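Please read the structure below before turning to the comments.
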Amino acid sequence: MAKIHYTKPSITELEISYATDAVTHGWGDRCYEYIGRFENAFKQHLGVSYAIATSSCTGAMHMGLAALGVAAGDEVILADINWIASAAPITYLGATPVFVDVLANSWCIDPQQVEAAITPQTKAIIAVHLYGNLCAMDQLLAIGKKNHIPVIEDAAEAIGSIWHGQRAGSIGAFGTFSFHGTKTMTTGEGGMFVTNDQELYEKVLTLSNHGRAKGQTKQFWPDAIGFKYKISNVQAAIGCAQVERIEELIAGKRRIFEFYREKLQQLPITMNPEPLGTQNGYWMPTMMVEPSVVFDREALLRTLKENDIDGRVFFWPLSMLPMFTEKSANTVSYSLYSQGVNLPSFHEIEYTQLATIADIIIGFFEKG
Ligand SMILES: *Cc1c(COP(=O)(O)O)cnc(C)c1O
């Protein structure tokens, strides 16, 4: 039996034909053509006014935070359970990430903990929609408004997630996306900065062009030190095809999640929630074993591996990492991580493969 990967892109003739066209003809006067198309198509999908394609989500977040004026001595609040990419750009700017606890049911940032962590140094709140699960945006936006602090969305994992009619990433001051090869839609490496705020857009546009302002007529005359996080035309061509197929890609993720939910419902676990009025893009189907149940996640991952199946550990609390300060007061984060496992969900996974995975997991629990 072939190895079952946890993620893998869905690449069709469409991606291949656009990429071939870009690499054949997309030079000289046409070297930005697919980039413009990609930004426009993504804007339309998301329902936002402005988009800038980048080489990564990390880069998009770095520029967005810089445009908000985050600098040395500032603090940015985000959830303890996260991938490092959401926190690293804060440190690039000399600011400090403040890790707060998550909610037990959504695994996303706890608004009450956010409010308690606000200081005069707080410059931004980052809402990361973990594994497709949506943050409590209404509460976060209210806290942001009351304290005059922008709420940002890292929506890298939330393609296809919709919060009361608004797509994840389109709700906060700005949103960032990743098109890394493991994500729901991919360009290999790549990302996107999106916003509805014209001023912020123009700031990031300048930053993204090595600090050269849009109206600047002098050639090779940067007005500020900027960044270099551009996407390439060939990657954008792949992105154009992926956006055309986005509904199919999202439906695929949801189909896979439904299968697991149905098959595993007898187990003492919860999976990614989908509260009323929302849709979950289910980037990564995740099983979270109930706190009262003793669970050896390493043993389950080993069992999966023995069957050539890729499982994945739930993110560690970032404050556990050696470069940060441990914050075991984040009790939910510190009790969740060892109970969670991400399950394989690449687009072309077959029902027989899903059934095999589910049977192995059920067998693992039955063995005790
Ligand atoms: C994947 C991911 C990133 C990093 O994306 P890159 O494109 O690799 O920089 C950032 N934030 C979250 C939540 C992610 O899942």
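Just so it is clear, none of the values below were taken in a lab; they were calculated from the coordinates. Model, not experiment: these values are computed from the prediction. Cβ placement follows ideal geometry from the backbone for every residue including glycine, while neighbour counts extend to all protein chains displayed.
A173: over 20 Å from Y201 (Cβ atoms), in a loop (DSSP other than H, G, I, E, B), in contact (Cβ under 8 Å) with a residue 60 or more places away in the chain and among the hydrophobic types (A, V, I, L, M, F, W, C), yes or no? Taking the combined requirement at face value, the residue does not satisfy it.
Filtered by the rule that a residue be over 30 Å from T91 (Cβ atoms), among the β-branched types (V, I, T) and surrounded by 13 or more Cβ atoms within 10 Å (Cβ to Cβ), the stretch 21-71 gives a lone residue, V23. Here A88 meets the list (1) surrounded by 24 or more Cβ atoms within 10 Å (Cβ to Cβ); (2) within 13 Å of the ligand (Cβ to nearest atom); (3) among the aliphatic types (A, V, I, L, M); (4) over 13 Å from the mean Cα position of the chain (by Cα) almost entirely, failing just condition (1). Screening T217 on (1) farther than 16 Å from G160 by Cβ; (2) touching a strand residue (DSSP E or B) at 6+ places or on another chain (Cβ under 9 Å) shows it passes everything except condition (2). Counting the residues of the stretch 154-198 that are within 16 Å of H62 (Cβ to Cβ) and either more than 10 Å from the ligand (Cβ to nearest atom) or hydroxyl-bearing (S, T, Y) (or both) gives 8. Scanning the stretch 105-145 for residues that are over 22 Å from S335 (Cβ atoms), in a loop (DSSP other than H, G, I, E, B) and hydroxyl-bearing (S, T, Y) gives a single hit, T119. Out of V114, V128, one residue alone is within 11 Å of the ligand (Cβ to nearest atom) and either of a type outside the set (S, T, N, Q) or surrounded by 19 or more Cβ atoms within 10 Å (Cβ to Cβ) (or both). It is V128.
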